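The structure appears below as structure tokens.
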Amino acid sequence: MSETESPKKLPFIIISAISIVTVLATALWLHFLFTPIVVNKPLVYVLKQGISAQTLAEELKDQTQLKYPFLFKMLIKLRQDDPRLQAGEYKFPIGSTPSDILNTIVKGKIFNHTFTIVDGWNYRQMMEQLNTTQGLNHTLKNKSARYVAQAIGIKKYQSPEGLLFPNTYYFTKGQKDVDVLKRAYQAMRNYLADEWPERADHLPYQNFYQALIVASMVEKEASIENERPIVAAIILKRYKTWMHLQIDSTVIYGLGEQFNGKLSKEDLKLKTPYNTYLHYGLPPTPICMPGRSAIDAAFHPAKTKALYFVAKGDGSHVFSDTLEEQNKAVAKYQKPEM
């Protein structure tokens, strides 16, 4: 190349160099934007209030495969997302890119934990699960049932037994356990408000609480849904004719932690308020948290002549109209273990 040609090619070389740098920078930027940085397992990340873009980028570098934290910080600046970073706990799935993460944080899609009240759990079982649920602010540990009842707005009854609607409830990290139970109590109130006016005619309930007591017995006695209205009808027929209800699950509830898994003759003679072999009428409280189908059965019992039922051992029951039929069913399906 001659000395006269060199100055003419210099701008071309500069432009080419700038173009190459631009292409490389663009490629790096696109690679950064669309390459997943959550790769091995989902990331649970807590964004603290007032955190800076620099700190966020550095923490993601430590917890993910983010290689260029300065680019993440640049992304925040370019999008002007600094004031829009929302504190909270987030869960980023595998495959999340820097853009995905920033979009989730800016939109405040905070990760929700779950607590499930299972149909048929009693109050003690429910509290044991609640007290070990991670993410909650536990304020009710070692508190009495009466204290818990008052804390969630139950004024008339000594315990929340039977008054919390079985369902799955969502909460964010740090939320109080009492707030979750308040929602479960309100859910039960809402359900009863809808269903109580639609109940069958001529039921002997003086109030919805008595219906919940019957529903709780149905919940524990019958696991097959189409048998539940029959069991409810039998309980109510016995109740109206002043027969002993003779419901094993109420006896078990009265035994509490003394129950060893098998009822004995001695257990049936034990004088607790829940022994329906000894006491007439309904037990004083529900014996568990009844679910939707058990409540519906208590509100809409079947029309049946049956007055007795015995478990067959497979979850189903034999229903009998007379004591003679019942005794035959007991002899067939119940082993003489007591």
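Read the figures in this text as sums done on the coordinates, not as results from a lab. Quantities reported herein were computed from a predicted structural model and do not represent experimental measurements. No Cβ is skipped: glycine too gets one built from the backbone with ideal geometry, and neighbour counts run over all protein chains shown.
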Legend entry - Exposure proxy order (Cβ contacts within 10 Å, fewest to most) of E325, E257: E257, E325
Legend entry - Note, ³J(HN,Hα) from phi for segment 39-50, Karplus 6.51, -1.76, 1.60, rounded to Hz, x at Gly and Pro: 10, 9, 7, x, 9, 9, 10, 9, 8, 7, 4, x
Inset, instruction - Can you spot the aspartates and glutamates whose alpha carbon is less than 17 Å from K176's alpha carbon? Ignore those fewer than 8 places along the same chain. - result: E89, E128
Inset, instruction - Could you tally the net charge around S216, taking each other residue with its Cβ under 11 Å from the Cβ of S216, Lys/Arg +1 and Asp/Glu -1? - result: -3
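Figure the gain on full extension for E225 and V106 (residue separation times 0.36 nm, minus the Cα-Cα span) and round it to one decimal in nm. Write down the numbers at each step before the final one.
Details: separation 119, 0.36 × 119 = 42.84 nm, distance 4.59 nm.
Length gained, E225 through V106: 38.3 nm.
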Inset, instruction - Just name one of L181, Y205, I247: the one whose Cα is farthest towards the positive end of the charge dipole of segment 174-267 (beta-carbon charges, Lys/Arg +1, Asp/Glu -1). - result: Y205
Legend entry - Net charge contributed by nearby residues that have their C-beta within less than 13 Å of E89 (K/R +1, D/E -1): +4
Legend entry - Partners for K220 among lysines (Cα-Cα distance below 23 Å; same-chain residues under 8 apart left out): K237, K240, K262, K265, K269, K271, K303, K305, K312, K332, K335
Inset, instruction - Distance between Cα centroids, segment 283-338 to segment 22-43: provide it in whole Å. - result: 63
Inset, instruction - For a footprinting-style exposure proxy, rank D194, D82 by other Cβ within 10 Å, fewest first. - result: D194, D82
Inset, instruction - Step through the residues of segment 211-227 one at a time and calculate ³J(HN,Hα) from phi using the Karplus curve (6.51 cos²θ - 1.76 cosθ + 1.60, θ = phi - 60°), rounding each to whole Hz and writing x for Gly and Pro. - result: 5, 5, 4, 5, 4, 5, 5, 4, 4, 7, 8, 10, 9, 8, 4, 6, 8
Inset, instruction - Run the dipole for the chain about the Cα centre, Lys and Arg Cβ at +1, Asp and Glu Cβ at -1, nothing else charged, and hand back the magnitude in debye, nearest 20. - result: 540
Inset, instruction - Give a residue-ordered list of calculated ³J(HN,Hα) values for segment 162-173 (Karplus: 6.51 cos²θ - 1.76 cosθ + 1.60, θ = phi - 60°; whole Hz; x for Gly, Pro). - result: x, 9, 10, 6, x, 5, 9, 10, 9, 8, 9, 4
Legend entry - Amide H contacts under 5 Å for H317, placed H, 5+ residues apart: K312
